[in-house]
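Just below is one structure, and these are the notes that go with it.
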Amino acid sequence: MRARGCGLSALLLLLLLPLAAGPLPGRAGPGALSELRVRVRLPDGQVTEESLQADSDADCISLELRKGDGTLVTLTADFRQEVKIFRALILGELERGQSQFQALCFVTRLHRNEIIPSESMAKLRQKNPKTVRQAEEVRGLEHLNMDVAVNFSKGAQLSPHIHNICSEAKEAIYTREEDVKFWLEKGVDGSMFEVLPQSADLPDLQRCKLCLDRWKPCICSYSLSIEWYPCMLKYCKSRDASGKVSSYKCGIRSCQKGYGFDYYVPQKQLCLWDEET
Ligand SMILES: *[C@@H]1O[C@H](CO)[C@@H](O)[C@H](O)[C@H]1NC(C)=O
């Protein structure tokens with residue numbers, strides 16, 4: 001089981017992106033672990049640093065950024081297993097008696113062309129690391145109904161990265177029935193999945209926001225946004241001496257995308273951020 005690069009635990013030397021891809025001389029060969037740090041502007045105007053790691057051997061990418069409220073958001077794309085994993089480490093409010101942080105993991109299917117391949121990501125670098133970036137394309141908010149829990153100790157069969165990334169969210173790893181169906185067809189072991197109660201089973205089940213009793217089960221909502229990620233490769237054309245035209249990768253298009261997750265919690269007190277909104 002290899003999950004070397006995409007757990008964001010290793011800090012390696014970084015060579016940064018231009019938005020010009022393509023082989024550069026003096027770069028480590030294929031299979032290299034690379035890290036890129038870019039400055040991005042958050043919707044509230046603050047600037048944060050985002051880390052983008054790629055491991056082309058393990059065929060995975062990991063993006064990490066800290067939101068204005070201190071929440072650490074990580075997205076890991078495991079191309080080999082066609083899995084993407086979102087993790088949020090949410091700081092608790094100590095004065096409200098909350099533990100230091102709460103971790104959530106949302107696991108869903110990775111589609112082709114959602115994000116650039118890991119080998120292209122590993123080649124990205126930037127001319128000016130001080131540039132504050134904003135995505136060229138804003139993709140709409142995607143709502144996901146996370147109706148299935150994933151057993152942490154068996155999750156490695158779905159993606160080896162679950163073990164690293166979700167270790168602080170052992171009791172809070174969620175996915176969707178439609179994604180489970182896809183993975184089962186690929187031969188993934190179904191015993192790691194457990195369908196969670198739905199409104200149809202529990203007529204009283206409310207959104208946590210509307211629920212007044214801290215001890216009652218409810219449907220919690222959590223949203224996050226990946227502020228800047230390379231979503232597509234750009235191609236340029238060149239003409240050789242004989243006039244033959246060929247195209248080559250010459251950069252990336254950047255996107256921003258928001259995700260809203262709904263999931264069952266056995267007690268409203270596990271979903272306190274849903275209160276103030
Ligand atoms: C997860 O799987 C392990 C290993 O089979 C099992 O011992 C454990 O009880 C399961 N956890 C849950 C919450 O079902």
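Quick notes
- When residue 213 is tested against the conditions (1) under 25 Å from the mean Cα position of the chain (by Cα); (2) in a loop (DSSP other than H, G, I, E, B), the lone failure is (1).
- Residue 73 vs. criteria buried (at least 19 other Cβ atoms within 10 Å of the Cβ) and within 16 Å of the ligand (Cβ to nearest atom): no
- Any chance residue 233 is farther than 26 Å from residue 146 by Cα and more than 16 Å from the ligand (Cβ to nearest atom): yes
- All of 191, 223, 199 fail the test of being of a type in the set (Gly, Ala, Ser) and under 30 Å from residue 136 (Cβ atoms), apart from 223.
- In the range 99-205, counting only strands (runs of 3 or more DSSP E) that sit wholly within it, the ones holding 2 or more residues that are touching a residue at least 12 places away in the same chain (Cβ under 8 Å) and away from the ligand (no atom under 14 Å from the Cβ) span 101-109, 137-146.
Just so you know, all these numbers are worked out from the coordinates, no wet-lab data involved. Quick caveat, the model's predicted, so the values are computed rather than measured. Glycine gets a Cβ as well: all are built from the backbone with ideal geometry, and neighbour counts include every protein chain shown.
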